[in-house]
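Down below is the structure, laid out as structure tokens.
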Amino acid sequence: MKVDILLGLQWGDEGKGKVVDVLTPRYDVVARFQGGPNAGHTLEFEGQKYVLRSIPSGIFQGDKVNIIGNGVVLDPALFKAEAEALEASGHNLKERLHISKKAHLILPTHRILDAAYEAAKGDAKVGTTGKGIGPTYTDKISRNGVRVGDILHDFDKKYAAAKARHEQILESLNYEYDLTELEKAWFEGIEYLKQFRFVDSEHEINGLLSEGKSVLCEGAQGTMLDIDFGSYPFVTSSNTVCAGACTGLGIAPNKIGEVYGIFKAYCTRVGAGPFPTELFDKTGDQICTLGHEFGSVTGRKRRCGWIDLVALKYAIMVDGVTKLIMMKSDVLDSFETIKACVAYKVNGEEIDYFPFDIEGVEPVYVELPGWQTDMTKMQSEDEFPEEFNAYLSFLEEQLGVPVKIVSVGPDREQTIERYTEE
Ligand code: GDP
Ligand code: IMO
Ligand code: MG
């Protein structure tokens, strides 16, 4: 069997959580491969809303196995809060949620370092989620990290060594902090974590694949936030692209099956960094209001703009996307016209490829008629308005990949699969 991968193609928050939940019944296993509690994946069903940060979005569908892979960074305190909330709402996790021994731990001092580095950057700050993501991946790459598997081996010594190093850095930055509360919650988290199954997830996943089991990998963030291919340095610290699933789970490239690329019918971004199609006018405010564009983790207002097909084409290329999923179509239901960026203007010259630096590029738009129809109760593609079909055809022609799923609202049920010929 092969693994299918679902990835955000924009700057995150495309609706990955919702679609992973919808697709889970078709798989035996769901696995996260990168990122950590910087993610906020929202799911809505049966009148309930859940936001997941570190736990895969396959956790609500039956008895599927969910795996937190080696590429993920895990904060035990936040994990405990998330898992306990799920257990309190009647979802039993202990048997079904497996955690890689090779996943790195986010230490309390990583969170402090995240804040200290941001403060030191002043106006150039990234606008991180403050969850210690960058410092944890930095320690992983510089071979100073502490891993989940270390909890069972010489843990106190490893923790103390990492903490002492961090304290030295914080002192050199003259950063004031108080660890007491954070550390207390963190060690409670470590004790809680011990009740879960720590696994060699690369062995587990490859073993399951050879038994004929199917696996869906759930990306966090989005391609434009990838450490290599995103709008560096305004990115996260992991590989959010398709290849991240190989390194973050121990899956060989020739085991990859479908790559689902997910995008919003428009575009959003949280935090700092270039965003060519950002709108600063009434239309931007309208998208923000209609789409409830506020961060699910930080509550920050998301910046909104039109869809950027130059960036999307780039993401499709680096990810090898085979099927597209368009989210939040309903947010544009009332618009008379809709714009799509098809090229950038750089120093007066028009380009249709994603350049080294997108700072200051000007979007070149095509304007299409809106469908001005409430799509939120639609059940099948046969009900799509003509203008909506024209918008989809335009996107497919520009992007060269079929749009297989259209989402018309936040609920699990508001998902329409398209069966049109490829
Ligand atoms: P993720 O990080 O990619 O999982 O996305 P988030 O959960 O951070 O943000 C997506 C937001 O849009 C959530 O509040 C979802 O409930 C909501 N959502 C998902 N799909 C749709 C949709 O088709 N229409 C509308 N209106 N909201 C949606
Ligand atoms: P999901 O999985 C949107 C952004 C932050 C910041 C940058 C770096 O819900 O789509 P970090 O804390 O990772 O060091 O922050 O990345 N960011 C996200 N934006 N959705 C996310 O996750 C994000 N995770 C990180 O806002 O600009
Ligand atoms: Mg999110």
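The values are calculated or read from the model by the stated rules, or taken from the named source; none is laboratory data. All values derive from a computational prediction rather than experimental measurement. We place every Cβ from the backbone using ideal geometry, glycine too, and count neighbours over all the protein chains shown. Protein only, heavy atoms only, side chains kept; ligands, DNA and RNA dropped before computing areas. Shrake-Rupley method; radii C 1.70, N 1.55, O 1.52, S 1.80 Å.
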Legend entry - Enumeration of residues in the stretch 113-161 that are touching a Leu at 6+ places or on another chain (Cβ under 6 Å) and in contact (Cβ under 8 Å) with a residue 60 or more places away in the chain: Ala116
Legend entry - strands (runs of 3 or more DSSP E) contained in the stretch 16-68 and holding at least 2 residues near ligand 1 (Cβ under 10 Å from one of its atoms): 41-45, 48-52
Legend entry - Every pair of residues 6+ apart whose Cβ atoms lie under 9 Å, when the first sits in the stretch 1-25 and is over 15 Å from Ala315 (Cα atoms) and among the charged types (D, E, K, R) while the second is assigned to a helix (DSSP H, G or I) and open to solvent by 10 Å² or more (accessible area, probe 1.4 Å): Lys2/Asn254; Lys2/Lys255; Asp4/Arg26
Inset, instruction - Mind counting the residues in the stretch 197-225 that are in a helix (DSSP H, G or I), within 16 Å of ligand 1 (Cβ to nearest atom) and open to solvent by less than 20 Å² (accessible area, probe 1.4 Å)? - result: 2
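Quick one: which strands (runs of 3 or more DSSP E) sit completely within the stretch 307-362 and have at least 2 residues that are within 30 Å of Lys377 (Cβ to Cβ) and either within 16 Å of ligand 2 (Cβ to nearest atom) or at pLDDT below 95 (or both)?
Working: elements: 323-327, 337-346, 349-351.
Strands (runs of 3 or more DSSP E) meeting the threshold: 323-327.
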Inset, instruction - Residue by residue through the stretch 255-270, note down the ones that are outside any strand (DSSP E or B) and surrounded by fewer than 21 Cβ atoms within 10 Å (Cβ to Cβ). - result: Lys255
Legend entry - Matching entry among Asp228, Asp139, Asp178, Asp156 (being in the same structural domain as Gly17 (by the TED database) and away from ligand 3 (no atom under 16 Å from the Cβ)): Asp228
Inset, instruction - Check the stretch 73-92 and report whether any residue there is open to solvent by 40 Å² or more (accessible area, probe 1.4 Å) and of a type in the set (Val, Ile, Thr). - result: no
Inset, instruction - Kindly indicate the residue of the stretch 289-318 that is touching a Ser or Thr at 6+ places or on another chain (Cβ under 6 Å) and among the charged types (D, E, K, R) and also surrounded by the fewest Cβ atoms within 10 Å (Cβ to Cβ) among those meeting that condition. - result: Arg302
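Out of the residues in the stretch 14-48 that are among the acidic types (Asp, Glu) and either in the same structural domain as Ile133 (by the TED database) or surrounded by fewer than 23 Cβ atoms within 10 Å (Cβ to Cβ) (or both), state the one that is nearest to Arg303 (Cα to Cα). Please lay out each step first, then the result.
Within the stretch 14-48, the first condition is being among the acidic types (Asp, Glu), and the residues that meet it are 14, 21, 28, 44, 46.
Pick out the ones that are also either in the same structural domain as Ile133 (by the TED database) or surrounded by fewer than 23 Cβ atoms within 10 Å (Cβ to Cβ) (or both) and you get 28, 44, 46.
On the way: Asp28: 36, Glu44: 23, Glu46: 30 Å.
Filtering first and then ranking leaves Glu44.
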Inset, instruction - Select, from Thr236, Thr180, the only residue that is open to solvent by 10 Å² or more (accessible area, probe 1.4 Å), of a type in the set (Ser, Thr, Tyr) and more than 22 Å from Lys313 (Cα to Cα). - result: Thr180
Legend entry - So Met327, is it open to solvent by 70 Å² or more (accessible area, probe 1.4 Å) and either in the same structural domain as His41 (by the TED database) or hydrophobic (A, V, I, L, M, F, W, C) (or both): no
